[in-house]
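In what follows, a single structure is set out as structure tokens and then discussed.
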Amino acid sequence: MKQNHTAQSMLHWIWTFIFAKTPKFTLPTLLAVLSFALPGYSQNVWLGMKFTVGNNPIRVTDLGRVRVVGNSQAHTVKLVQASNGADVATGSVSINMAGGTEGQFNYVALSNPVTLAANTAYYLVSEETTGGDYWHDSNTSVTTDAIAACNGPVSGTGNTFTVESSTPNTSYVPLDFRYTNSSQLTMRNADNPANAVNGIDYSYYHGAWSNVPNFSALTAVKTGEQTGFSLAPRTRADEFGFRFMGYVDVPADGTYTFYTSSDDGSILNIGGAVVVNNDGLHGQAERSGTIALKAGKHAITVNYFDNSGSGDILNVSYAGPGISKQIIPASALYRSSAPNTGNTGNPSPTAALRAADNPANAVSGLSYAYYQGAWSDVPTFSSLTPVKTGDVTSFSLAPRTRNDDFAFNYTGYIDVPTDGTYTFYTSSDDGSILSIGGNVVVDNNGLHATQERSGAIGLKAGKHAITVGFFERGGGEVLNVSYEGPGINKQTVPASALYRTSSTAAPTPGLRNPDNPSDAVSGLSYAYYQGSWSTVPTFSSLTPVKTGDIASFTLEPRTRNESFAFSYTGYIDVPADGTYTFFTTSDDGSVLSIGETVVVDNNGLHAEQERSGTIGLKAGKHAITVGYFERSGQEVFNVSYDGPGFDKQVIPASILYRSAGASVAKAAAVTSAASVSALPTAPLSVYPNPSTDGRPTITWQAKQAQDVTLRVFNKQGTLVSLLTRSVPAGESSFQLPSTLVSGTYYFRATIDGEPQNFTLVVE
């Protein structure tokens, strides 16, 4: 693995960084380095470092990842306990690397700050993916503050990790965190209820979940008190849950570590803070977390569920000042002896049942809205225009007009015969979400094959508002909705229990009015740019290399095959009122807008891929804008659409228009920009590109006389040419002293204090 990592990173970068001492501390860049895209990508692996906290606990508030040139993706960065490979509860963030300064850290705050125990080892790791962002190798040097020691680089799968070297103060990526030290650490005040007696309150539930449910929204099968976190009150071996609530008495001020070992999921809270997150479907697994507590009784809640399997296990332990790790004894657990009013955080004897809606104008059936588009989650239907709407007797996919890339939103009412707890199920491919009133009861969302998920809710007898959202991306198109409850065995929800109001089906939302410019002529206007970007740039801040008019969306006006961009503007003439789906296929990114609305977001660095979006349009000419950029690799760009009365097709030139005055205005703007500065737009350029003889001409544009060092790297990251020249203010040109063989090369220089990058292809 080490050899592979070295091959991916190539350059031996030396970095120095420190752990930030307060949330507002800005990590300085202590070593100026050359920034350029490394030639390889990482594999699917978690990378980072092992570190050991010093003699005092620390409270971590933010995690950070260094930004390497070209980074554009989001990375999960997390803290892990080195002793058992368990994630630290709430110690994970997603860090978007698309913005920021090369060589500096992007930080994201934890949802809940976590306390790391003194003299304890942890891993800080980042998830890296094949073909993803670049990262720095394990020979990265780090300098730490006295609060922690860096033990060496770490790699792993996310659950198991290997310390790859005993060399201290070295790390992958690298990563960082912000913290508050123990002298600034705030300890939680004890609750110390006046009416505490030994024991713990519990509420017991039935249901099939894949995560700890929101028990406060459910009706307990039974409630009671017991001496500890025992599952003995259960009446079945699978598909049940418990909520335990009370107080834990800690004997001294200090940092306490809590543990849950469970099959399936469990979550432990102290007061309102999640300390241990051991949620999800899994075999017996232990997770832990730390919190600083003052001596006394602190509110504790443990939520647990078991879905299926042979194990139904829950153990709750702790360790702290003078306490070695042990099961929390009954002598340390307390509950309130007063009746629960719902304000103490302990469960009420029976959760309230939802009141029925019972609409006055109910008739049998459901209302539906049908949509077309490509999604990876159930979309926000309120922001979309349906292709059609209507009424059905049940949750049927029959109204669809295609087998992929579609969605339904069903609305109506379900009639339940008696008061009680009802469990709802959706079995779907792909995602589905079932809500009763405004409460999500079944979350079966995302891209997946046929799978069933369920949830429970307490309902009073009568008709309750029900909504089911469903989408299908590709593969099988499956949706089944079932339920069970008092006197009802699990079954598909029958049509006889479904209702809608006679006016439920809303009219089709408003369609966009056309622009219909008075000076429209055939074609599109374009502006062509040269530069290296990781997303479609903000064209309004750039000066185009050239502008002009073309018949359709084509890349023909380009003068190079890499590091360029286009902005196309004009109008598209649609023949009839209705919903239109637009598609862009591109390598790299593209964004399509109708008017001011982004309809297709296919942005970012990626290989050839298609993305789509829908919009409701009235017949006529609508303003269309498409931005596209190409960094390296293939240069692919196609724009298609479908709509009322026609199938998906490339947008033909016959329906594209531009304003007759657009080209004149663009040309004037370019002329005006040129008159402001005598320098060309790009400070560094290479011509011709591609080069056929390996001896291209390099052109500098400098604002003042200076020495400029040019470095040329091949695709493997090897420095093949290094030269320094004294250049005058203005433009100067020269040829490389040696001939480059066929391949791709990366040119790097700093001109007027700004780094300049360029890619050359030698054929």
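Throughout, read-outs are computed from the coordinates displayed, never taken from laboratory work. On a predicted model such as this, the values are computed, not experimentally measured, just so you know. Note that we place each Cβ from the backbone using ideal geometry, even for glycine, and neighbour counts take in every protein chain shown.
Using R₀ = 56 Å, calculate the FRET efficiency as 1/(1 + (r/R₀)^6) where r is the Cβ-Cβ separation of residue 357 and residue 281; round to 0.05. Don't skip to the end; give the middle numbers.
Working: r = 33 Å, r/R0 = 0.60.
Given R0 = 56 Å and the Cβ-Cβ separation, E is 0.95.
Report the paramagnetic label zone for residue 376: residues of region 86-122 whose backbone N is under 19 Å from a point 7 Å from Cα along the Cα-to-Cβ axis. Only 93-99 fall inside the zone, counting backbone N under 19 Å.
3J(HN,Hα) along region 430-436, derived from phi through the Karplus expression 6.51 cos²θ - 1.76 cosθ + 1.60 where θ = phi - 60°, amounts to 8, x, 8, 9, 10, 10, 10 Hz, with x in place of Gly and Pro.
Which order results if 655, 550, 414 are arranged by neighbouring Cβ count within 10 Å, fewest first? All intermediate terms of the calculation are to be shown ahead of the outcome.
Values: 655 15, 550 19, 414 22.
Least to most surrounded, the residues fall as 655, 550, 414.
All C-alpha pair distances within region 520-674, sorted into 10 Å bins from zero, spread as 11, 42, 35, 11, 0 percent across the bins.
Diffusion of region 174-278 by Stokes-Einstein, at 25 °C in a medium of 0.890 mPa s and with Rh set to the Kirkwood radius over alpha-carbon pairs, works out to 149 µm²/s. Every helix of 4 or more DSSP H residues in the chain counts as -39500 (n - 2.57), and over all residues that averages to -1000 deg cm²/dmol at 222 nm. Taking a sphere under 9 Å around the Cβ of residue 234 and counting the other residues whose Cβ falls inside, with K and R at +1 and D and E at -1, yields a net charge of -1.
Can you give the local net charge around residue 354? Use residues other than it whose beta-carbon is closer than 12 angstrom to its beta-carbon, Lys and Arg +1, Asp and Glu -1. Numbers along the way, then the final one.
On the way: positive: 460, 463; negative: 357, 419.
It works out to a net charge of 0.
Let me know the charge dipole size of the chain about its Cα centre in debye, to the nearest 20, where only the beta-carbon of Lys, Arg (+1) and Asp, Glu (-1) is charged. Intermediate results must be reported in sequence, preceding the final value.
Working: 46 positive and 60 negative charges, 259 e Å.
That gives a dipole near 1240 debye.
On full extension of the chain, what length is gained from residue 490 through residue 159, given 0.36 nm per residue of separation minus the C-alpha to C-alpha distance? Walk me through the numbers before you get to the answer.
Details: separation 331, 0.36 × 331 = 119.16 nm, distance 3.69 nm.
Full extension from residue 490 to residue 159 adds 115.5 nm.
Protection proxy ranking, highest mean first, for peptides 459-468, 365-374: 365-374, 459-468, where packing is the per-residue count of other beta-carbon atoms within 10 Å, averaged. Tilt of helix 662-676 relative to the longest C-alpha principal axis of the chain, in degrees (0 to 90, nearest 10)? So the inclination is approximately 80 degrees.
Placing dummy labels 7 Å off each Cα toward the beta-carbon, the span from residue 104 to residue 391 is 6.2 nm.
Using Cβ contacts closer than 10 Å as the measure, can you line up 49, 245 from fewest to most? Write down the numbers at each step before the final one.
Working: 49 27, 245 22.
Ranked by crowding around the Cβ, least crowded first: 245, 49.
Of the chymotrypsin sites (Phe, Trp or Tyr not before Pro) found in region 95-191, not one falls in a DSSP loop while having at most 16 other beta-carbon atoms within 10 Å. If the chain linking residue 709 and residue 573 were pulled fully straight, counting 0.36 nm for each residue of separation and taking away their Cα-Cα distance, it would gain 43.8 nm. Given [x] 40, 31, 28; [y] 71, 32, 21; [z] 53, 41, 19, which label gives semi-axes √(5λ) of the Cα gyration tensor in Å as computed from the coordinates? Only one option fits the structure, namely [z]. One decimal place: the segment residue 519-residue 739 gains 74.0 nm when fully extended, by the rule 0.36 nm per residue minus the C-alpha distance.
Extending 7 Å from Cα along the Cβ direction at residue 556 and again at residue 130 yields two label points whose distance is 3.9 nm. Across the chain, C-alpha contacts under 8 Å between residues 6 or more apart give a mean separation that, scaled by the residue count, equals a relative contact order of 9 percent. Be a star and scan region 311-335 for residues whose amide nitrogen sits under 11 Å from the point 7 Å along the Cα-to-Cβ vector of residue 84. What the label zone holds, given the 11 Å backbone N cut-off, is 315-319, 325-327. For residue 756, the residues 5 or more places off, or on other chains, whose built amide H falls under 5 Å of its own are 749, 750, 751. Peptides 51-57, 624-630, 80-86, 590-596 ranked from most to least packed, by the mean per-residue count of other Cβ atoms within 10 Å: 624-630, 590-596, 51-57, 80-86.
Residues of region 300-333 with an amide N closer than 20 Å to a point placed 7 Å from the Cα of residue 111 along the Cα-to-Cβ direction: 300-306.
Quote the FRET efficiency, to the nearest 0.05, computed for residue 608 versus residue 197 with a Förster distance R0 of 60 Å and r equal to the Cβ-Cβ distance. Walk me through the numbers on the way to the answer.
Values: r = 68 Å, r/R0 = 1.13.
After rounding, the FRET efficiency stands at 0.35.
Between residue 763 and residue 697, the simple label model (points 7 Å from Cα in the Cβ direction) yields a spacing of 1.9 nm. In terms of overall dimensions, region 452-582 has a Cα radius of gyration and Dmax of 26.4, 74 angstrom. Using the Cβ-Cβ distance between residue 480 and residue 227 with R0 set to 51 Å, the FRET efficiency works out to roughly 0.75.
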